[in-house]
Amino acid sequence: MTGSLALTVGLAVLIGVSLGLLGGGGSILAVPLLVYVADLPAKEAIATSLLVVGATSAVGVLPHARAHRVRWRTGLVFGLAGMTGAYAGGRLAAYVPAAVLLTGFALMMLATAVAMLRGRRDAGGRPVPHELPVPRVILDGVVVGLVTGLVGAGGGFLVVPALALLGGLPMPVAVGTSLVVIAMKSFAGLAGYLSTVSIDWGLAAAVTAAAVVGSLAGGRLAGRVPEAVLRRAFGWFVVVMGVFVLAQQLPDGLRTNPVLWIALGVAVAAAVTVTATHGRRAAPVEAPPPAEAEVAHAGPPA
């Protein structure tokens, strides 16, 4: 058990790095880690992940705030709306089988990854909003919050695409703002779970401390990674974890079937091809960067 605990705590650092760098992925890592390494029951692992991710996000937002990569109004409104949905989802989860929760978790991850890899179709030429419209933020917050409470995902893998793809925020700003939302919704989801699930508080504290260290390191890296690289890294990270979690829900006979893994490999290769093709087709219609556009239209100096 000691070795398992040491491995769990060591890998928990990656939870924090993911949150600090990508603004999500904490629960995507935490739930499998707690289920398959710490050997917790699925619902206890989900509840523990909400505590770990919530606390880690609250600390991880600090380096982003110092670098002005947080839209506070958007984050707080999204978070408050999400807390309502997350609490309801946490209570509803008591009536849903664990296997169904984990399968739904994996499918949502894969759908979100596709959206992130495709990127925005009409991003060129539009001004970057300082804050997003409140009604839209509330609607998105409630929906994402419900998913958060149900499947134990802090919501970053849904919040970041919502802010970056739908809201048009730059990826680094979407990452920083998402941490505010994740912290609020995770604690609300945890409150819902605690009515029916107990937590190993010692294990949770150890995992949280390790994740906090990782989040501070990830936050320092976030501002130095190009936006397109950050978005693609987020997308492929979610694909890998989604396929892993989904495969774990299959019967033993299928899980060890080489044909299944070959088919998954072909599917991933096809996804890479489609994504690359989409990027090449979109490139010619993109507007030039603002600096180049100004040079092209400014004419000779007076």
(request) Just give me the residues in region 97-129 being at pLDDT 70 or above and not in a helix (DSSP H, G or I), in sequence order. (result) 97
(message) Test of understanding: among 246, 190, 221, 179, which residue is over 21 Å from residue 8 (Cβ atoms), surrounded by 22 or more Cβ atoms within 10 Å (Cβ to Cβ) and not polar (S, T, N, Q)?
(response) 179
(message) Among the residues of region 46-54, are any in contact with a Lys or Arg (Cβ under 9 Å, 6 or more places away or on another chain), at pLDDT 85 or above and of a type outside the set (Gly, Ala, Ser)?
(response) yes
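The values are calculated or read from the model by the stated rules, or taken from the named source; none is laboratory data. The shown structure was predicted, so the numbers you read here are calculated from the model rather than taken from an experiment. Please note: Cβ atoms are built from the backbone with ideal geometry, for glycine as well, and neighbour counts cover all protein chains shown.
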